[in-house]
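Heads up, the thing below is written out as structure tokens.
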Amino acid sequence: MVGYFTEANSAETVNARMGEGISPRLRQVMAALVTHLHAFAKEVALTDAEWAFAIDFLTKTGQMCSEERQEFILLSDVLGLSMLVDAINNRRPAGATENTVFGPFHVEGAPVREMGDSITRDGKGERCLYTGRVIDLAGAPIAGVRIDVWSDNAEGFYSVQQPGIQDKWNNRGVFVTGADGAYSFIGIKPVSYPIPDDGPVGQMLRALGRHPRRPAHMHFLVTARGYQRLVTHTFVGDDPYLASDAVFGVKASLIAPFERTPDGPATWRSAFDFVLTPLA
Ligand code: BEZ
Ligand code: FE
């Protein structure tokens, strides 16, 4: 018997209300959530006004959500929670390519293109040849790998952010590896851009003295039968926002070389191998 609610026993009192026979995982997760939430309120001595502000902030965050906009995921991203959950769920052996945040701008159903094709439809930006291989932990090539790629355009917008201005499939494409595991395509050298910051998350960033920008990157979703799904980016090494990515997505192993190629099919070349982890 815990008794009536007091400041001292608050979390224990709430958690003691859970019934018998409920899911053990639900019990574990909710008990920890209540314990940490109460400890947080006590640590900062949360005021009535601050609590009301937080309720209003969360209400506005929900109201900002639509089919095209997920403000709660954006909130999770800027708090580092998305990257933490991703890290917990994608612990990989040394040598395997690391995951990073998926982001809201992937579109299912991009056209399957031939190796070497260009994914850029708007003719803007500096052309970059992306090359590499998909290999296993022992270095052997993997065939039949689906590599789904997407990036912003030279002005820092994904095609889905500019319907009617950009072609839906601009800077998007799917490539499937052959026996050599190799891939190649032409895109642009991506540019840094701000995450959507016209809602509550943007207001929060400004209040915290944080900028909303992500360093330039190319997105890759790499899937193959028998291997863990790889959701990752390659980052442009000299980007000024690498150390302050608004969503904490940068990992040192994902910073790729981008080299000038004065006499190739593109101005830049970026070589990067993806090392897949077998399913357990
Ligand atoms: C992105 O890289 O596309 C992205 C990731 C998280 C939030 C917003 C954008
Ligand atoms: Fe992105």
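The values are calculated or read from the model by the stated rules, or taken from the named source; none is laboratory data. The model shown is predicted, which means the values in this text are computed figures rather than measured ones. Methodologically, a virtual Cβ is constructed for each residue, glycine included, from the backbone with ideal geometry; neighbour enumeration extends over all protein chains shown. Only protein heavy atoms, including side chains, enter the accessible area calculation; ligands, DNA and RNA are left aside. Shrake-Rupley method; radii C 1.70, N 1.55, O 1.52, S 1.80 Å.
Things to note:
- Candidates F57, F102, F175: whichever shows maximal mean-square fluctuation once the chain is modelled as a Gaussian network with Cα springs under 10 Å: F57
- With DNA, RNA and ligands ignored, accessible area of F272 (1.4 Å probe; Å², nearest 10): 30
- Each helix, a run of at least 4 DSSP H residues, gives -39500 (n - 2.57); summed and divided by the residues of the chain, these come to -7500 deg cm²/dmol at 222 nm.
- Amide H contacts of R214 (H built 1.01 Å from N, in plane; Pro and chain starts excluded): Y193, I195, A246 sit under 5 Å, all sequence-distant by 5 or more or on other chains.
- Looking at the stretch 1-46, the accessible area is 82 square angstrom per residue; that uses a 1.4 Å probe and ignores ligands, DNA and RNA.
- Largest to smallest accessible area among H36, H219 [probe 1.4 Å]: H36, H219
- Nearest-ten-degree value, helix 24-44 long axis tilted from longest Cα axis of the chain: 80
- Spin-label model, Q70 to K168: label points 7 Å out along the Cα-to-beta-carbon direction sit 2.0 nm apart.
- For the options E43, E155, E126, a Gaussian network treatment of the chain with springs between C-alpha atoms closer than 10 Å singles out E43 as fluctuating the most.
- The chain - percent relative contact order, Cα under 8 Å, separation 6 or more: 21
- Those lysines that a straight Cα-Cα span of less than 22 Å connects to K251, excepting residues fewer than 8 apart in one chain: K189
- Build a GNM of the chain with springs between Cα atoms under 10 Å apart, and of S118, S253, S159 the one that fluctuates most is S253.
- Carbon/sulfur fraction of accessible area - the chain, other protein chains in place, 1.4 Å, %: 59
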